[in-house]
Amino acid sequence: MTQDFDHSFSGLSPQKTGQRTTAVIWRWVSERGVRLETGEATLARYTALAGLELPEIEDLIPADGNVLLILRRGAAMSADLRQALSLDAASRPESSGTLHQITVEYGGAAGLDLDELAQQAGMDRAAYIHSHSAVEYRVAFLGFQPGFPYLRGLPAALHAPRRASPRVRVAAGSVAIGGGYCGIYPTSGPGGWHLVGRVDVSMFDPQRAAPALLLPGDRVRFVAA
Amino acid sequence: MIEVLRAGLCDLVMDQGRPGYGALGVPAGGAADPLALATANRLVGNDRGAAGLEVTLTGPMLHFPAGGVVALAGARFSATRSSGAAVPWNAPLALAAGESLMLGRAKAGCRCWLAVRGGITVPLVMGSRSTFLPAGFGGYQGRRLQAGDRLPTGEAAAEVSGRVAELAARPDGMALRVIAGPQADQFDDAGLAALFCTPYRVKAASDRRGLRLQGAAATHRRSALPSQGVMPGAVQVPPDGQPIILGWDGPVTGGYPVIAGVIAADWPRLAQLQPGDTVRFATIAVDAAQALAVAADSIGEWG
């Protein structure tokens with residue numbers, strides 16, 4: 001346990017070890033929470049840890065370059081988990097993920113910010129839509145709301161900082177841009193991302209066997225309606 | 001069946017939650033003090049995982065047309081029943097057919113839990129009967145109770161327990177115990193001193209998603225960072241420096257620096273904070289907190 005204590009207070013900054021610089025790989029963030037630094041290998045490490053099906057793991061939450069592992073109440077970390085956490089995941093193959101083709105109604109009432117974003121990007125509306133729908137996105141993780149996907153792959157020209165003041169209400173199914181991510185709002189509610197269009201599929205339904213339409217690692221192609 | 005004659009401020013059907021869906025963006029949720037609900041369930045002969053009611057600040061008036069056996073645990077509320085007999089806490093309470101139970105205001109603390117023999121048998125959603133208000137699913141039609149609602153109840157698993165189970169007293173006046181957060185090193189000395197050495201007041205805009213605090217600004221160097229997984233108890237600090245302790249129905253990812261994490265053994269104390277209360281923070285070692293968590297859980301084990 002002493003080793004864990006040291007680990008948890010060692011900070012996130014790289015530590016000098018002789019001539020080599022090694023980053024801290026994991027640390028406690030609560031007595032039941034472990035934060036794992038995963039960088040570009042987030043999906044691979046999340047998939048690998050989930051695949052172990054270790055009884056002490058209550059939940060795994062992948063995010064932007066990190067994974068939060070939550071232990072069951074009162075459970076201790078097993079030797080297997082300790083070993084899995086310290087492994088280098090660089091060599092792990094990433095699963096290919098399911099490909100989803102999702103039709104988008106771009107602009108107008110469905111995408112209130114599209115014209116403004118296109119102007120900022122120095123494109124006309126058609127070029128913006130083409131640029132947004134020409135690439136394949138990858139679901140990096142879900143968060144914010146149940147079923148809200150953070151999609152990687154947005155062309156750099158389309159990156160846009162979040163709105164200065166969030167909208168009080170964004171319609172369910174809105175396709176939105178927040179920084180370097182594209183996302184889709186599963187339910188209507190407040191939102192601070194720029195709206196470019198809307199989809200007509202249910203992103204999240206707790207009554208379905210698979211409540212979230214998109215899972216971490218899935219791939220998405222948008223098709224203009 | 002239980003009929004709601006008058007709703008309280010926020011009566012929610014809760015069980016032990018739905019852990020395991022964090023990757024879908026769904027928090028575990030469930031009773032804010034799962035051991036208190038488990039204790040109430042034990043008293044009425046239910047399984048630990050049966051659904052009951054979580055009552056916040058002001059309770060409901062409930063009618064039992066066919067009678068029933070209930071138990072209350074958690075914060076003490078003013079309470080009366082139509083027969084005029086006493087309403088004990090931490091003990092089974094038999095209600096005659098046609099009797100009503102009236103819960104008033106919390107005398108101290110914020111939340112109590114009511115278990116009913118047989119449990120509240122609303123449908124399971126993603127493996128749980130807990131209400132998840134932010135997305136409006138689970139519990140009773142995904143919402144807080146309203147007058148006129150009729151809650152289905154089921155069959156009990158075991159005999160009513162005659163024992164009075166007292167949860168271990170929790171040191172309410174003491175600081176909330178925290179483990180340094182993943183971004184603690186991004187706070188300057190003044191910010192760290194503010195959080196760990198000065199009191200904070202719980203703001204009215206607090207709910208199961210998070211407890212918003214008001215006090216000395218916990219200043220830090222960065223206001224935005226890559227999204228990270230977060231769990232209940234995480235102390236997030238937005239750019240204004242006023243901390244938010246994430247609650248049971250909080251988001252599973254966040255983009256604000258996390259300065260500390262309230263240990264799970266103290267989450268039940270978070271459940272009893274009401275607007276205007278004062279909190280302080282004190283650090284604890286991870287291994288000491290893990291030992292506490294094991295001890296706390298053993299209280300709720302079936303004896």
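A short reminder: the numbers here are calculations on the coordinates, not readings from a lab. Bear in mind that the values here come from a model prediction, so they are computed numbers and not experimental data. Don't worry about glycine lacking a Cβ; one is built from the backbone with ideal geometry, like all the others, and counts go over all protein chains shown.
Tabulated values for the structure
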read-out: Peptide A:55-68, shielding by other chains (average Cβ, 10 Å cutoff); value: 6
read-out: Furthest towards positive pole of dipole, A:Ala164, A:Pro216, A:Val34, structure part the protein assembly as shown, Cβ charges; value: A:Ala164
read-out: For A:Arg32, distant residues with modelled amide H under 5 Å away; value: B:Ala264
read-out: R0 of 25 Å, Cβ-Cβ distance B:Gln141-B:Asp47: FRET efficiency to nearest 0.05; value: 0.60
read-out: Spherically averaged projected area in nm², based on the convex hull that wraps the Cα atoms of the protein assembly as shown; value: 25.5 nm²
read-out: C-alpha long axis of helix B:286-299 to longest principal axis of chain B, angle in °; value: 0 degrees
read-out: Folded to 0 to 90 degrees: helix B:34-43 orientation relative to chain B principal axis, Cα; value: 20 degrees
read-out: Shielding of B:281-289 by partner chains, average beta-carbon count, 10 Å; value: 4
read-out: Dipole magnitude of chain B, debye to nearest 20 (Cβ charges: Lys/Arg +1, Asp/Glu -1, about Cα centre); value: 540 debye
read-out: Sequence-distant residues sharing a close amide H with B:Gln183 (under 5 Å, placed H); value: B:Val258
read-out: Per-residue HN-Hα couplings for the stretch A:180-188 [Karplus 6.51, -1.76, 1.60; θ = phi - 60°; Hz; x = Gly/Pro]; value: x, 10, 10, x, 10, 6, x, 10, 6
read-out: Residues with amide H under 5 Å from that of B:Thr219, placed H, sequence gap 5 or more; value: B:Gly191
read-out: Virtual spin-label span in nm between A:Asp205 and B:Thr80, 7 Å along Cα→Cβ; value: 4.8 nm
read-out: Percentage relative contact order, chain B, counting C-alpha pairs under 8 Å, at least six apart; value: 20 percent
read-out: Mean separation of Cα contacts under 8 Å (6+ apart) over length of the stretch B:176-299, as relative contact order %; value: 35 percent
read-out: Estimated FRET transfer efficiency when R0 is 56 angstrom, pair A:Ala109-B:Ala217 (beta carbons, to 0.05); value: 0.85
read-out: Modelled FRET efficiency - R0 60 Å, B:Asp188 with B:Glu155, Cβ distances, 0.05 increments; value: 0.55
read-out: Debye, to nearest 20: dipole size of the stretch A:82-225, +1 on Lys, Arg Cβ, -1 on Asp, Glu Cβ; value: 340 debye
read-out: The stretch A:99-224, relative contact order [Cα under 8 Å, separation at least 6], %; value: 36 percent
read-out: Semi-axis lengths (Å, descending) of the ellipsoid that matches the C-alpha gyration tensor of chain A; value: 37, 20, 16
read-out: Among B:43-49, B:189-195, B:71-77, the order from most to least packed when residues are scored by Cβ within 10 Å on average; value: B:71-77, B:43-49, B:189-195
read-out: Charge-dipole axis of the protein assembly as shown as Lys and Arg at +1 and Asp and Glu at -1 on Cβ define it, positive-most pick from A:Gly97, A:Tyr128, B:Ala106; value: B:Ala106
read-out: Number of partner chain Cβ atoms within 10 Å, mean per residue of B:266-276; value: 0
read-out: For peptides B:21-29, B:106-114, sequence by mean Cβ density within 10 Å, most packed first; value: B:21-29, B:106-114
read-out: Karplus-derived HN-Hα couplings along the stretch B:54-67 (A = 6.51, B = -1.76, C = 1.60, θ = phi - 60°), whole Hz, x at Gly and Pro; value: 9, 10, 10, 6, 9, x, x, 10, 10, 10, 10, x, 9, x
read-out: Karplus 3J(HN,Hα) series, Hz, for the stretch A:109-126 with 6.51 cos²θ - 1.76 cosθ + 1.60 (x for Gly, Pro); value: 5, 7, x, 4, 9, 4, 4, 5, 5, 4, 4, 5, 7, x, 10, 8, 4, 5
read-out: Zero-based 10 Å bins, Cα pair distances in the stretch B:2-151, whole percents; value: 13, 45, 34, 7, 1
read-out: Stretch in chain A that is longest and holds no GluC sites (Glu not before Pro) that DSSP places in a loop and that have at most 13 other beta carbons within 10 Å; value: A:137-225
read-out: Cα-Cα separations in chain B greater than 28 Å, expressed as whole percent; value: 38 percent
read-out: Ordering of B:260-273, A:204-217 by packing [mean C-beta count within 10 Å, highest first]; value: B:260-273, A:204-217
